[in-house]
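The numbers here are math on the coordinates, done by the rules we state, and not lab data. Bear in mind the structure is a predicted one, so any value in this text is a computation, not a measurement. Here the Cβ positions follow ideal geometry from the backbone for every residue, glycine too, while neighbour counts run over all protein chains shown.
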């Protein structure tokens, strides 16, 4: 089972404590429980499914979920308990349902990176947690975050509760990363449309430097690839060339500037978008938009609703 909730609003940590036990413990808790196994082993049973936990494992129990904790071979087990409330209710789903939902979300993020769409205005910061999460590669980091969560929770400084929530959020982010890896045999959720790392890197460079003059050589140098490779990335995934892509983004941004700042002249917008020649900017704008920047500016700022 995969459990999902939104942390667009930080979680509220109720209590954090460490216990060393080899006793049987059964109950349901009004809070969500995140367990980190610090030493030893134990087993936990939820919904008639038993999980064996060892050092470094995370285990998540949704609020009001009855669970049974038992020792293994009468061994002592040291656990860090974090009880917390999430801002939204917990949604539980099957592995297949989680894969489908995550694939849709990642596709939207990929399209946003490629400049094909915008993320929804109400973008959710969802956490996805399996019940048992193996975390060997993050064990040291999780132990450190667990310790910081416990220490900040015991303090009474003005920033203590904020720090406690932030440390927990980091643990939840790692838990989500590991859960996503567990959902796919290949180590990540498969997508119909995956963005090649070098293409993603190039696009992020373009967006961060859109107001500058960007050459193909700049992109290739930044991504450490040849011109042929860079052109192939854009042709394969975006059906355009790097320079055409850059020009399209610059014109799109220029339109936004005309809309938001009507006092700006065509020359000022051209300079703002890294065009040294305002005449070249006007020709490029007209070729892509089908109208000159002056006509566009006049049209959007003298809109007559009666003609609609």
Item to complete: Report, in degrees rounded to the nearest 10, the 0 to 90 angle that the Cα long axis of helix 160-182 makes with the longest principal axis of the chain.
Response: 80
Worksheet, complete the sentence: Between residue 15 and residue 208, Cβ-based FRET efficiency (R0 45 Å, step 0.05) works out to 0.60
Worksheet item: Does a label point 7 Å from the Cα of residue 41, set along Cα-to-beta-carbon, have any residues of the stretch 64-81 with amide nitrogen under 13 Å, and which are they?
Response: 71-77
Worksheet entry | Between helix 278-289 and the chain: long-axis angle, C-alpha atoms, 0 to 90°, nearest 10 | 70
Discussion item. Helix 242-260 against the longest principal axis of the chain: what's the angle in degrees, Cα atoms only, rounded to the nearest 10?
Written reply: 90
Worksheet item: Between residue 76 and residue 277, what length comes free when the chain is fully extended (0.36 nm per residue of separation minus the Cα-Cα distance, one decimal in nm)?
Response: 64.9 nm
Item to complete: Determine the calculated [θ] at 222 nm for the chain from helices alone, applying -39500 (n - 2.57) to every DSSP H run no shorter than 4 residues and normalising by the residue count; nearest 500 deg cm²/dmol.
Response: -14500 deg cm²/dmol
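Computed FRET efficiency, Cβ-Cβ of residue 286 and residue 137, R0 51 Å: what is it to the nearest 0.05?
The computed FRET efficiency comes out at 0.40.
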